[in-house]
Amino acid sequence: MRDPRYDVLFEPIQLGPVTAKNRFYQVPHCSGMGWLRPKMLAAMRGTKAEGGWGVVCTEYCSIHPNSDDGAYPYARLWDDDDIRDNALMTDAVHEHGALAGAELWIGGNSVANLSTRLPPMGLTSLPNTADDNYHPVQSRRVDKKDIRNILTWQADAAKRAVQAGFDIVYVYATHGYLLAEFLNPITNQRTDEYGGSLENRVRIVRELLDVTRDAVGDKAALACRFSVDLASNEGYDAFGLLADIPDLWDVTVPDYGIEMGASRFVKEAELQDSVAKAKSLTTKPVVAVGRFTSPDTMARVVRDGTQDMIGAARPSIADPFLPKKIEEGRIEDIRECIGCNVCYAHDTLGVPIRCTQNPTMGEEHRKGWHPEALSRTTKSEKVLIVGAGPAGLEAAQILGKRGYEVMLAEATRDLGGRVTRESRLPGLSEWARVRDWRIGQIEKLTNVEVFRESRLGVDDILAVGADHVFVATGADWTVDGLGRRRDTAIGVGNGAKILSADHILAGDETPSGHVVLFDDDHYYMGSVLALALRSRGNTVTLVTPAGRAGAWGKYSNEEYTVTRKLIESDVRIVTNRSLERVDAGSATISCIFTGRETTIEADWVLPLTRREPDDTLFHSLRKVCDDGRDGAPKSLKRIGDCEAPGMIASAVYSGYKAAVELD
Ligand code: ADP
Ligand code: SF4
């Protein structure tokens, strides 16, 4: 039963000629699928519609080969083939009574047209401006004929969008693409009617809105994605000039680090003040994101008039059934996004998105996985899971839902494994949702028993006599320095003091003094530990073989914020250096290009290079199974970090996969 406090989220809303059945709006978000994987895309978007989202949009959708973001698989509407591909998605969305939106997109200086090999278009002829790609590609300056072409291409693409079955068609005027270049007085140095005054800079957006309206007629609503910034009136003035033209405003802010910020730095509803001001300037409905996972916050921002619709990308990825769960009064079942940006990172890598919280994301078509539906077992079998980290917890709740008799044994008092340890570190508290949601699900299942403080050995396991055993015992950080950069261990002299990452993760007291952290992991752990040590009063030097600290954060949209925080916290960053040896009071590092060595003062050295799977138990059990000893299980499987240490998302995926594939 739905809580009446949330009724406001289920009121239909008129968007020009179409009506959305509720206020849940999956905003355009990239998927790593796009034109390249249309069936995968249709299945993924269709699942969200099934989960109750009233509107489900594409990712950025190119109107012409001149807007090509290869090698990222964006959507596109260039020709009849693309109409057919996009119709797969709109059909899947319509099947569940939702509206489908197409975010028509025009590139600019930040795209390199690497696939189509056309010169990109920019307001100034500039080298490709995409963050840190450094493609040796420079754009062609947009002239009047190009503007006429763009208007024609947009109109043609809008007609194709309608043919493909879209109900909402966008003019996309933000995120640094060509229209944002027009709006920005710094990048727009034109002296004709498209440059100079605000009216002139807004002109192309207005003209695009007009041609799109003419193209879609009364078949589709006209939407505009637009940025406003409380720090400047410009954006609001521009917004005001267009205020009542589109049928729907999709409002955001010009800082992607906030809009798409990791939960380490940005919390729920961060955009609300910026959005509320825009909303006060228009009579048209407004949608905006804010990594909304709390129905109370959602209902509040609609009720208090901040926005009319709840925009979501990540919350809809973590839980495609979020609206349905609110509607059915199953709030505790909502799988809340943890803001880790693993989804975005994989789009940025050009592969299908995945999700830490939702292992079925991206596997709806390829594997036929569904975020809510599971096949039940017909057998009466007992499964023992050893280790209650993310892999073990996920396997336990899935096997429990499938009807197995499940025993989950955990060596320590705390469930959650690495998630529990990592979520105690600065900024990572939301990561505990991975553990808490799974524990919540397990607590509802009478066929899953949890045994804490139960470190199991081979004989204990044989005594249980389970039909199947999953070993989910995790992995430990090593201190030998072996890893990506080094294939031999570091040298260790007399009196050398080496600190393990697990020591800090366990919450043990940290020694005082200067810690040299050798980060050959390159993801979040290096910066998180460096900042944790700083907050405990240590002096910290972060040494990395990469050209930047936390270099993989480039994909998860964290790199800049992370590096800024490190600099502001006085963490010294030493790049392009490897760790060679540790002696009492010092560390020897070497230049990765010349091999030249230097010695730096160090009370402690913390090598962060690799984790060793905790698989001794697994191998002993395998021998027992091979020997056919009494009580040996019919099947034995290692899952999660015990099999191959990786991201938390990989451990959850591994637990889910093993659990759904049993039988
Ligand atoms: P993953 O990410 O693969 O889930 P974690 O390291 O997060 O792995 O979790 C592994 C869990 O397994 C830890 O909570 C650890 O205490 C537990 N564990 C390790 N060995 C045993 C054992 N022999 N019996 C029971 N639990 C164990
Ligand atoms: Fe949220 Fe992380 Fe899932 Fe992305 S991958 S939706 S940020 S939980």
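Remarks
- Per residue value of the accessible surface for the stretch 400-472 (all protein chains in place, 1.4 Å probe), Å²: 42
- Integer Hz, Karplus 6.51/-1.76/1.60 couplings in order for the stretch 258-264, x for Gly and Pro: 9, 4, 10, x, 6, 5, 4
- In this label model, residue 492 and residue 376 are separated by 5.4 nm, measuring between points 7 Å along each Cα→Cβ vector.
- Computed from point charges on the beta carbon alone (+1 for Lys and Arg, -1 for Asp and Glu), the dipole magnitude for the chain about its Cα centre is near 340 Debye.
- Placing dummy labels 7 Å off each Cα toward the beta-carbon, the span from residue 200 to residue 500 is 6.7 nm.
- Accessible area (Å², per residue) of the stretch 4-348, counting only protein heavy atoms and a probe of 1.4 Å: 34
- Loop-located trypsin sites (Lys or Arg not before Pro) across the stretch 516-570 with a Cβ neighbour count of 14 or fewer within 10 Å are 536, with loop assigned by DSSP.
- With K and R counted +1 and D and E -1, the other residues having a Cβ less than 9 Å from that of residue 468 yield a net charge of +1.
- Whole-Å distance, taken between Cα centres, linking the stretch 158-226 and the stretch 277-334: 26
- Cross-link partners of residue 637 among lysines (Cα-Cα below 29 Å; sequence separation of 8 or more within a chain): 367, 379, 382, 401, 444, 623, 657
- Filtered trypsin sites (Lys or Arg not before Pro), the stretch 588-663: DSSP coil and at most 10 other beta carbons within 10 Å: 596, 634
- Of the GluC sites (Glu not before Pro) in the stretch 294-354, those whose Cβ has at most 13 other Cβ within 10 Å and which sit in DSSP loop: 328
- Residue-normalised accessible area of the stretch 573-622, expressed per residue, 1.4 Å probe, Å²: 46
- Whichever lysines have a C-alpha closer than 19 Å to that of residue 565, once near sequence neighbours (fewer than 8 apart) are set aside: 267, 554
- Of all accessible heavy-atom area on the chain, the percent that carbon and sulfur account for (1.4 Å): 48
- For a straight C-alpha distance cut-off of 14 angstrom, the aspartates and glutamates reachable from residue 144 (same-chain residues fewer than eight places away being disregarded) are 192, 193, 207.
- Rounded if a/c under 1.5, otherwise prolate or oblate - the stretch 477-612, Cα gyration tensor axes: rounded
- Only helices enter this figure: runs of n ≥ 4 DSSP H residues, each worth -39500 (n - 2.57), summed and divided by the residues of the chain, yield -9500 deg cm²/dmol at 222 nm to the nearest 500.
- Beta bridges assigned by DSSP with both partners in the chain are antiparallel in approximately 20 percent of cases.
- Inter-label distance for residue 663 and residue 536, nm, one decimal - labels placed 7 Å from Cα along Cα-to-Cβ: 4.7
- Exposed chymotrypsin sites (Phe, Trp or Tyr not before Pro) absent: longest stretch of the chain, with sites in DSSP loops and at most 14 other Cβ within 10 Å deemed exposed: 135-592
- Overall, the stretch 138-179 carries a charge dipole of about 240 debye about its Cα centre when +1 sits on the Cβ of Lys and Arg and -1 on the Cβ of Asp and Glu, all other atoms neutral.
- The distance separating the Cα centre of the stretch 44-102 from that of the stretch 605-651 comes to 41 Å.
- Amide proton proximity set for residue 540, modelled H, under 5 Å, gap of 5+: 515, 572
- Accessible area in the full protein assembly, largest first, 1.4 Å probe, for 615, 214, 229: 214, 229, 615
- Pairwise FRET efficiency - residue 594 versus residue 3, Cβ, R0 = 60 Å, nearest 0.05: 0.40
The values are calculated or read from the model by the stated rules, or taken from the named source; none is laboratory data. Small disclaimer: the values here were computed from a predicted structure and weren't measured. Here Cβ is always computed from backbone atoms with ideal geometry, including for glycine, and neighbour counts include all displayed protein chains. Ligands, DNA and RNA are stripped out before the accessible areas are found, and what is left, the full protein with its side chains, is counted by its heavy atoms. Shrake-Rupley method; radii C 1.70, N 1.55, O 1.52, S 1.80 Å.
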